Amino acid sequence: MKGTYPADTYVVVNQTVLTENDKKTLISLYEPIIGPIAVSLYLTLWSDLDKLEIVSTTYTHHHLMTILKSSLEIIVKARQSLEALGLLKSFFKEDENISEYIYELYSPMAPSDFLNHPILGVLLLNNIGEKEYNNLVQYYKKQSIKKEGFTEITSNMNVTFKSATQREALKEEVRKQTRAVINLNDVIDFDLLEISIPKGMVNAKTFNKRTKDLINQLAYIYNIDTIKMSEILRLVIDEYGLINKEKLRDAARKNYEYNHNGSLPTIVYRTQPDHLKTPEGDTSNRAKMIYVFENTKPYDFLKSKNKGIKPTVRDLKLMEHLAVDFNLNPGVINVLIDYALRVNDGKLNQKYLEAIASTWSRKGIKTVPEAMEAAKKGHKRVVKTVKEGSQKTEIKAPSWMNKENSREEMSEEELKELESMFEEFR
């Protein structure tokens, strides 16, 4: 493919439904990552559309140069940034004289999906800093109104509209909002990666899809380029040409720590995603505990459990392991930590945590109430097993396992435990 020239033409095709809110999302969330020129390019292509916002007339790239007051080289780089984040798809038809392009527009991610994305959320945080990031989170945070004392009277469709036998509606293809999809396949250049590793070390099974996905994910999280990844892989490929995934995770983590003075990625410094939080309004002790789990970063939660002492590097690795390898959300990690510390005399046993995390991950547990219920059921099974055996060991459970947590049903010790936690996280 030849380079792009000012005389080359393009047509814009809208593959989504664009709204004014999309502009706000582009400027507040995308611009800190891709820059103002890329956002301006997107908005210019949007404005090139016809009145129905479906397709544009034919323009030359000189038109973009005039509107954006930028060189074609800068515009092409901006276009590539839009492509990388799934906002634009580009198609090329080469000609001896004037080549043709088709640019397809796609909607930005919903703010909740963007902020909770494991890659974009971290990129945004790194680009604008924690203070500005928290301001954005508060701006986009879902607002809830207390409904205590209210009764829902929302009407159902089958009550409001009577059923009638009619012809089947014609199934026409209607435009709908198609949001950006991030493609992670370009994180690592696997062609370069494979030729940079001695042939005797790899075989046809070395880079299967699951292994490539893991390599890409680690490369994003730990900011590892292709050459550095090839160096790491040489250390973790066994005699059969297979990649030891545990050793790969560990090596990627150590490489990051070495280059960042022992610190870890920001994944353990985030709270439960807003769309997975429990609506406010309930004032029970259980609801307060859920609020603590959902609105506290795992780092801060473990620090409070350690009476203000910062978590050790081992504990940080363990929390990051739960987040990355088992895909547990921050609030769920807090529940797991609280339960594990309670039943293991204040110690975090990695094997024990992994066993529970594996089960929760397999069951698709994403919310704090789900995690609390799963912990409660698992605890009952353990207690039952102990009672049926010859052991007489008392296994203590966290006070939040009391379903209602009403003051009348709780012991003095349980009340003190809950109230001390509420006080720590106010």
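Please specify each residue of region 219-239 satisfying the condition of being under 23 Å from the mean Cα position of the chain (by Cα) and open to solvent by 70 Å² or more (accessible area, probe 1.4 Å). Passing the criteria: Tyr220, Asn223, Asp225. Of the residues making up region 84-93, those that are in contact with a strand residue (DSSP E or B) (Cβ under 9 Å, 6 or more places away or on another chain) and more than 16 Å from Pro6 (Cβ to Cβ) are Gly86, Leu87, Leu88, Lys89, Ser90, Phe91, Lys93. Could we say that Phe91 is under 20 Å from Val39 (Cα atoms) and touching a Leu at 6+ places or on another chain (Cβ under 8 Å) here? Against the criterion (under 20 Å from Val39 (Cα atoms) and touching a Leu at 6+ places or on another chain (Cβ under 8 Å)), Phe91 does not qualify. Filtering region 70-111 to residues that are open to solvent by 70 Å² or more (accessible area, probe 1.4 Å), outside any strand (DSSP E or B) and of a type in the set (A, V, I, L, M) leaves Ile74, Ile98.
Just to be sure I understand, how many residues within region 36-69 are within 32 Å of the chain's Cα centre (by Cα) and either part of a helix (DSSP H, G or I) or among the hydroxyl-bearing types (Ser, Thr, Tyr) (or both)? Break it down stepwise before answering.
At the first step, the residues of region 36-69 found to be within 32 Å of the chain's Cα centre (by Cα) are 36-47, 53-54.
Then keep just the ones that are either part of a helix (DSSP H, G or I) or among the hydroxyl-bearing types (Ser, Thr, Tyr) (or both); that gives 36-47.
The qualifying residues number 12.
Is it true that Gly346 is on the phi > 0 side of the Ramachandran plot, under 25 Å from the mean Cα position of the chain (by Cα) and surrounded by fewer than 18 Cβ atoms within 10 Å (Cβ to Cβ)? No. Scanning region 316-337 for any residue that is at pLDDT below 85, open to solvent by 70 Å² or more (accessible area, probe 1.4 Å), within 26 Å of Lys245 (Cα to Cα) and of a type in the set (A, V, I, L, M, F, W, C) turns up nothing.
When the test is whether a residue is under 24 Å from the mean Cα position of the chain (by Cα), within 27 Å of Ile188 (Cα to Cα) and modelled with pLDDT of 90 or more, Leu105 passes it.
The set of residues from region 4-35 being open to solvent by 50 Å² or more (accessible area, probe 1.4 Å), assigned to a loop (DSSP other than H, G, I, E, B) and hydrophobic (A, V, I, L, M, F, W, C) comprises Ala7, Val17.
Checking the structure you have, find out if any residue of region 262-273 is modelled with pLDDT of 85 or more, of a type outside the set (Asp, Glu) and either crowded, with 16+ Cβ neighbours inside 10 Å or under 26 Å from Leu125 (Cβ atoms) (or both).
Applying the first criterion (modelled with pLDDT of 85 or more) to region 262-273 yields none.
Checked against the condition, which is being modelled with pLDDT of 85 or more, of a type outside the set (Asp, Glu) and either crowded, with 16+ Cβ neighbours inside 10 Å or under 26 Å from Leu125 (Cβ atoms) (or both), region 262-273 yields no hits at all.
Any residue at all in region 124-133 that is aromatic (Phe, Trp, Tyr), at pLDDT below 90, in a helix (DSSP H, G or I) and open to solvent by less than 50 Å² (accessible area, probe 1.4 Å)? Talk me through it step by step, then tell me what you get.
Of region 124-133, the ones aromatic (Phe, Trp, Tyr) are 133.
Of the ones still in play, those that are also at pLDDT below 90 are 133.
Checking which are in a helix (DSSP H, G or I) leaves us with 133.
Adding the requirement that they be open to solvent by less than 50 Å² (accessible area, probe 1.4 Å) leaves 133.
Yes, region 124-133 has at least one match.
Asp50 meets all of the listed conditions (1) surrounded by fewer than 16 Cβ atoms within 10 Å (Cβ to Cβ); (2) modelled with pLDDT of 90 or more; (3) more than 29 Å from Asn135 (Cα to Cα) but one, namely (2). In the list Thr296, Thr278, which residue meets the criterion of being open to solvent by less than 40 Å² (accessible area, probe 1.4 Å), closer than 20 Å to Val137 by Cα, in contact with a helix residue (DSSP H, G or I) (Cβ under 8 Å, 6 or more places away or on another chain) and in a loop (DSSP other than H, G, I, E, B)? The match here is Thr296. Taking first residues from region 334-355 that are small (Gly, Ala, Ser) and partners that are crowded, with 17+ Cβ neighbours inside 10 Å and assigned to a loop (DSSP other than H, G, I, E, B), the Cβ contacts under 8 Å between residues at least 6 apart in sequence or on separate chains come to Ala340/Leu348. Selection of region 188-218 for residues being open to solvent by 70 Å² or more (accessible area, probe 1.4 Å), closer than 14 Å to Asp238 by Cβ and not in a loop (DSSP other than H, G, I, E, B) yields only Gly200. Quick one: what pairs do we get from region 240-253, first residue free of Cβ contacts under 8 Å to residues at least 12 places away in the same chain and open to solvent by less than 50 Å² (accessible area, probe 1.4 Å), second among the aliphatic types (A, V, I, L, M) and in a helix (DSSP H, G or I), C-beta under 9 Å, 6+ apart or different chains? Matching pairs, first to second residue: none at all. The single condition from (1) farther than 22 Å from Leu120 by Cα; (2) among the aliphatic types (A, V, I, L, M); (3) modelled with pLDDT under 85; (4) assigned to a helix (DSSP H, G or I) that Ile227 fails is (3). For Ile309, the conditions (1) modelled with pLDDT of 85 or more; (2) buried (at least 20 other Cβ atoms within 10 Å of the Cβ); (3) more than 23 Å from Asn116 (Cβ to Cβ) are fulfilled apart from (2).
The values are calculated or read from the model by the stated rules, or taken from the named source; none is laboratory data. The structure presented is a predicted model; accordingly, all values stated were derived computationally and were not measured. Here the Cβ is made from the backbone with ideal geometry for all residues, glycine too, and neighbour counts use every protein chain on show. These accessible areas exclude ligands, DNA and RNA; they are computed on the full protein's heavy atoms, side chains included. Shrake-Rupley method; radii C 1.70, N 1.55, O 1.52, S 1.80 Å.
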